[in-house]
Amino acid sequence: MQNILLLFARFGSHITFIFLTIFSFVLIVNYNQTQRSIFINSSNYYANKLDSKTSRWQSYLSLQEVNDSLAKHNATLMEKFINIDAPAPAPSDTSIQYDVIPAKVIRSTFNLRNNHLTLNVGTKEGVQKDMGVISENGLIGIVREVNENFAHVISVLNSQSRISCSVKDYAYPGNLIWKDLDPNFMHLQSIPKHVGISIGDTVITNGYSTIFPRDIMVGTIAAFKVEKGSSNYNIKVKLSNNIPNTQIVYVINNKLAEEQKALEIIGDE
Amino acid sequence: MSSALIRNSIRFFLLAIMQVLIFKRVAFNWGDFAFIHFLVYPLFIIMLPIKMPRPLVIFLGFLIGIFVDLFYDSPGVHASAGVFTGYARGLILDLLEPYEGYNTNDSPTIETMGISWFMSYSSIILGLHLFYYFSVEAFSFVYIFEIVMNTIFSFIASFIILMLYLLIFRPKR
């Protein structure tokens with residue numbers, strides 16, 4: 001009893017304050033129409049807020065599925081887009097020339113001399129050797145090895161890469177190579193120096209190889225010069241995609257590649 | 001002690017009656033501008049003896065609040081404001097305590113404490129009371145604009161009335 005009195009002597013004002021405040025708020029909420037409705041509504045407001053927070057978490061957990069379905073959707077759209085410009089389809093079974101297979105990058109390097117990527121698709125999804133890999137904004141690489149579930153891709157950021165490209169609106173083919181160890185720039189060579197290019201022009205694939213379709217955006221011209229005694233430009237190209245930061249890519253299956261290659265081999269001989 | 005009890009009891013009823021019979025009916029409305037309300041009963045809490053036990057101050061704040069509430073048909077609103085003001089008064093007294101401490105057992109007045117001390121003391125308490133009262137009345141900080149406007153204009157109006165009261169009655173102790 002004495003302890004309680006001592007406690008009250010020390011904290012009496014706080015206790016009285018808290019007790020009487022609670023008491024008056026009980027009165028307010030029970031006997032005042034306005035405050036009562038506000039009280040009920042705002043408790044609903046906070047309950048709703050909690051609900052929406054929870055559902056946001058739930059949607060965050062399902063982001064994976066959403067991502068996958070969006071990638072699939074993207075792939076179908078890209079398929080349509082690429083095939084608009086593709087040559088007339090073969091009269092055989094295939095109605096369109098290019099298939100697009102969405103894939104996820106599960107490992108990639110970009111700061112070595114020869115860079116590689118690994119994708120989570122394989123023969124099960126229809127990926128074959130020598131298929132091109134692109135992202136929404138540009139080139140990624142070429143499938144080199146493939147097994148049932150994975151594909152090994154040689155990045156365009158590779159000393160070996162030679163990709164046939166053109167400056168937009170000109171048909172002259174050039175080779176896109178990677179010289180500096182900078183993942184943002186590549187070099188376009190063997191464009192003749194009489195072609196009137198300027199900084200900012202777009203570089204696209206020209207579809208001369210069987211790997212990439214026509215008109216895939218590669219990048220823009222950042223700088224160019226003519227070496228002494230050379231008749232070709234040396235063009236520095238700023239890549240339009242950020243390869244180190246790419247997560248979703250699309251493997252392009254050119255259904256007529258075999259046919260075209262076989263014919264070219266016979267012709268060359 | 002008994003004279004202090006009588007004086008404060010009289011002040012209690014005088015201020016409460018003034019509040020509910022006179023100032024409740026006074027309203028300045030110019031169109032949408034209805035931010036002026038007169039609350040004079042906080043003066044009762046302001047004028048309670050300095051050395052009075054603080055739980056008792058809080059309880060008396062509750063009492064005058066609930067008394068006013070009976071006439072305002074708002075059970076609890078003035079009472080919670082009175083409780084808060086009674087609690088805040090203790091903290092403000094600590095805050096404004098002179099270097100040598102309070103050397104009076106009576107009510108704080110202009111004569112005993114000096115005009116500047118009394119002005120800051122009473123205006124802080126009145127301002128806190130009004131802000132708390134209008135917050136509880138609106139019961140949601142969605143109406144923060146109305147709360148602040150009400151507080152500012154009612155503070156000016158009520159403070160003038162409080163000063164007039166002190167001028168007229170000139171409480172000595």
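Each value in this text was obtained by applying a stated rule to the coordinates, not by laboratory testing. Keep in mind the model is a prediction, meaning the values are calculated, not measured. Don't worry about glycine lacking a Cβ; one is built from the backbone with ideal geometry, like all the others, and counts go over all protein chains shown.
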Counted neighbours (other Cβ, 10 Å), sorted fewest up, put B:L63, B:L91 in the order B:L91, B:L63
Tilt of helix B:54-72 relative to the longest C-alpha principal axis of chain B, in degrees (0 to 90, nearest 10)?
30
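Distance check, please: which entries in A:K228/A:K261; A:K72/A:K236; A:K72/A:K168; A:K72/A:K129; A:K124/A:K236 exceed 31 angstrom between their Cα atoms?
Values: A:K228/A:K261 37 Å; A:K72/A:K236 34 Å; A:K72/A:K168 29 Å; A:K72/A:K129 21 Å; A:K124/A:K236 38 Å.
In this structure, A:K228/A:K261; A:K72/A:K236; A:K124/A:K236 lie more than 31 Å apart at Cα.
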Nearest 10 degrees, 0 to 90: what angle lies between the long axis of helix B:2-17 and the longest principal axis of chain B (Cα atoms)?
10
Once you order the gyration tensor axes a ≥ b ≥ c over the Cα atoms, which shape class does the stretch A:2-61 get: rounded for a/c under 1.5, otherwise prolate or oblate by comparing a/b with b/c?
oblate
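What FRET efficiency do you get for B:T104 and B:S2 if R0 is 22 Å and r is their Cβ-Cβ distance, rounded to the nearest 0.05? Before the final figure, lay out each step's value.
Numbers: r = 17 Å, r/R0 = 0.79.
E between B:T104 and B:S2, to the nearest 0.05, is 0.80.
Below 15 angstrom from the Cβ of B:H78, what's the summed charge of the other residues (Lys, Arg +1; Asp, Glu -1)?
On the way: positive: B:K24; negative: B:D69, B:D73, B:E137.
Cβ neighbours under 15 Å give a net charge of -2.
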Can you give the local net charge around B:L60? Use residues other than it whose beta-carbon is closer than 12 angstrom to its beta-carbon, Lys and Arg +1, Asp and Glu -1.
+3
Estimated [θ] at 222 nm from DSSP helical runs (n ≥ 4, -39500 (n - 2.57)) normalised by residues in chain B, nearest 500
-21500 deg cm²/dmol
Within 10 Å of each Cβ in peptide B:46-54, how many partner chain Cβ atoms are there on average? Round it to a whole number, please.
1
At the level of C-alpha centres, the distance separating the stretch B:1-71 and the stretch A:1-26, in angstrom, is 23
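Per residue of B:55-64, what is the mean number of Cβ atoms on other protein chains within 10 angstrom of that residue's Cβ?
On the way: counts 11, 3, 3, 10, 4, 0, 3, 7, 1, 0.
Mean number of neighbouring Cβ atoms from other chains: 4.
Among B:R89, A:R214, B:R25, rank each residue by its count of other Cβ atoms within 10 Å, from fewest to most, as a rough exposure measure.
Details: B:R89 27, A:R214 14, B:R25 8.
So the residues, fewest neighbours to most, are B:R25, A:R214, B:R89.
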Where does each of B:W117, A:W57 land when they are ranked from fewest to most other beta-carbon atoms within 10 angstrom?
A:W57, B:W117
Count charges around A:T220 for me, please; just the other residues with Cβ under 12 Å from its Cβ, Lys/Arg as +1, Asp/Glu as -1.
+2
Any idea how far apart B:F145 and A:I18 come out in nm if each label point goes 7 Å out from Cα toward Cβ?
3.8
Using only atoms on other chains, find how many Cβ atoms lie within 10 Å of each Cβ of peptide B:73-82 and report the average.
6
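Working out 0.36 nm times the residue gap between A:S59 and A:N149, then minus their Cα-Cα distance, what length gain in nm do you get to one decimal?
Details: separation 90, 0.36 × 90 = 32.40 nm, distance 2.84 nm.
Value of the extension gain: 29.6 nm.
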Can you find, among B:P75, A:Q58, A:I211, the residue farthest towards the positive end of the dipole of the protein assembly as shown? Put +1 on the C-beta of Lys and Arg, -1 on that of Asp and Glu.
B:P75
Angle between the Cα long axis of helix A:33-61 and the longest principal axis of chain A, 0 to 90 degrees, nearest 10?
30
Place a point 7 Å from the Cα of A:N120 along the Cα-to-Cβ direction; which residues of the stretch A:226-269 have their backbone N under 15 Å from it?
A:246-251
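Work out the FRET efficiency for A:V226 and A:R113 from their Cβ-Cβ distance, taking R0 = 25 Å, and round it to the nearest 0.05.
Details: r = 27 Å, r/R0 = 1.08.
For R0 = 25 Å, the calculated efficiency reads 0.40.
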